[in-house]
1. Just checking, which of Tyr42, Tyr82 is surrounded by 15 or more Cβ atoms within 10 Å (Cβ to Cβ) and not acidic (Asp, Glu)?
2. Can you pull out the residues in region 180-218 that are more than 21 Å from the chain's Cα centre (by Cα), surrounded by 13 or more Cβ atoms within 10 Å (Cβ to Cβ) and over 25 Å from Val324 (Cα atoms)?
3. Exactly one of (1) surrounded by fewer than 13 Cβ atoms within 10 Å (Cβ to Cβ); (2) under 24 Å from Phe279 (Cβ atoms); (3) at pLDDT 95 or above is unmet by Arg87. Its number?
4. Among all residue pairs at least 6 apart or on different chains, which show Cβ distances below 9 Å where the first residue, located in region 66-90, is within 15 Å of Gln119 (Cβ to Cβ) and the second is surrounded by fewer than 11 Cβ atoms within 10 Å (Cβ to Cβ) and modelled with pLDDT under 95?
5. Inspect region 252-275 for any residue being under 30 Å from Asp189 (Cβ atoms), buried (at least 21 other Cβ atoms within 10 Å of the Cβ) and out of contact with any His (no Cβ under 6 Å at 6 or more places or on another chain) and give the result as yes or no.
6. Between residues in region 140-156 that are on the phi < 0 side of the Ramachandran plot and residues that are of a type in the set (A, V, I, L, M) and at pLDDT below 95, which pairs lie under 8 Å by C-beta distance while being six or more apart or on different chains?
7. Which of the numbered conditions does Gly61 fail, given that it passes all the others? Conditions: (1) more than 24 Å from Ser37 (Cβ to Cβ); (2) within 23 Å of the chain's Cα centre (by Cα); (3) modelled with pLDDT of 95 or more.
8. Examine region 226-246 for a residue that is buried (at least 18 other Cβ atoms within 10 Å of the Cβ), closer than 27 Å to Ala57 by Cβ and not small (Gly, Ala, Ser), and state whether such a residue exists.
Amino acid sequence: EIQQELMAQAREENWGGNKAPDWTSRIIPFGDFRVRSENLFYDDGNDNTGAFPNFAAINSGSPFDTSGTLFSPQFNVDQERYRPRIRGRAGAEILLGEGFNGGIRVATGESNSPTSPNQTLGGNGGNFSKYDIWLDRAFLTYDAGPGDGQELLFMAGRFDNPFLSSEVQWDEDLGFDGLAVRAKVKLNDCVNVFGTIGAFPVFNTALNFASNQPAKFESDDKYLYGGQIGIDWKIDEDWSAKIGVSYYDFQNIEGRLSSPFVPLSSSDAGDTDSTRPAFAQRGNTYFPIRNITPTAANNFGTINQFQYYGLATPFRNVTLTGKVDYDGWNPIRVSALAEVIKNVAYDGGALNANAVNNRGPDPDGAGPLLGSYDGGDMAWYLGFQIGKPQLELWGDWIVNLGYRYVESDAVVDGFTESDFGGGGTNVQGFHIGSTFAITPKVKAGIRWLSSDEIAGAPLKSDTLQVDLSAKF
């Protein structure tokens, strides 16, 4: 029966003829590849005395024993590194008809990081080991809009960022999991109003948490609810602008103090362990989430202090994003992008009581990081770009320049840009770069990024990236 159905389909779609089957015209493959040379430079004045704990490494492994004599995992802040890196992505868009489309994409990446598909050559154990491929996008969309430049697009699955933003709010490689609706309404020939709403699961509690206990703990699922409204304005023949106001509400993203308990080994779980971030970069403020009771079993708090760390503040971002384009020098375009972000859920006074990082120096000189909390809740970015945006012919070029100021708890550090300052928040500085078209499908680029730490111990880093990329 199956064979007969296949034969009928083959005759109907002319599989054996000169014409390709109809279904092939509904699949649009795409892909890109990039090879990168990356140099990381660190200033001689950086503090390498243990001021930069790697909370992501702590939280993704066994809890750290704060009563031990070893340092916690630490970020590199003093030794220069060179990394040859590649990025490969391939996928297809599927035209399903009747307003429905689907898509899927896989990508490289040396971890399941949501912000970086880069793979370091020689990494993951080296010795010419094979590298992982990850599911990067998988989505279904339905456009119920009337057309003519207007849309009412429903999205489900894992898809591209549906919001107007800079990389301070969302890294350009970040995929959004969940549901979103995007609309665009044409008011007149010059003005469109657009808006997006969405609900996105950030973390889902493991079914069997805690795995080594018969009585399980309550769920600590985390969600992002986001909305944006804005206008797209064609000011005149040469000028256009797009402005959007956004609100992003992270539910349960912050850590929560556990019930009092006494862990006797690193395998013992606390009932709020799942409130620690599943992924992080650097910059956000943390606090210890395990409420460990001093008893004779832990020598009254002097041994077996196995600790995890959670985000010390909630996150609810109000974000204003604006972009202006000038096409009076066609085909050269001049663009400016600006963004201002405030975390309206931030409470600096409360953080001062329990923050373990982002502290200023001790006013009495007893230690470098024992002073009052020094973080913040604001971020802003201003960037400029000039050149031919499509890079279609040999000699086409783009030059870009930008400056940012991102305080420690302005945004969730796990979702902001992964290259600037090593990725994350609590950074300020500039980037400058250029891209040059070699052929319509191949281009070369160079970028310099220079960052300084805002709060806490001194840390300055610079990054040089040289790229060769191709699309197919």
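The values are calculated or read from the model by the stated rules, or taken from the named source; none is laboratory data. Keep in mind the model is a prediction, meaning the values are calculated, not measured. Cβ sites come from the backbone with ideal geometry, for glycine too, and all protein chains shown count toward neighbours.
1. Tyr42
2. Phe209, Ala210, Lys216, Phe217, listed by residue number.
3. Only one criterion is unmet by Arg87, namely (1).
4. Ala90/Phe472
5. No, every residue in region 252-275 fails to be under 30 Å from Asp189 (Cβ atoms), buried (at least 21 other Cβ atoms within 10 Å of the Cβ) and out of contact with any His (no Cβ under 6 Å at 6 or more places or on another chain).
6. Leu152/Ala144; Leu153/Ala144; Phe154/Ala144
7. (3)
8. No, region 226-246 contains no residue that is buried (at least 18 other Cβ atoms within 10 Å of the Cβ), closer than 27 Å to Ala57 by Cβ and not small (Gly, Ala, Ser).
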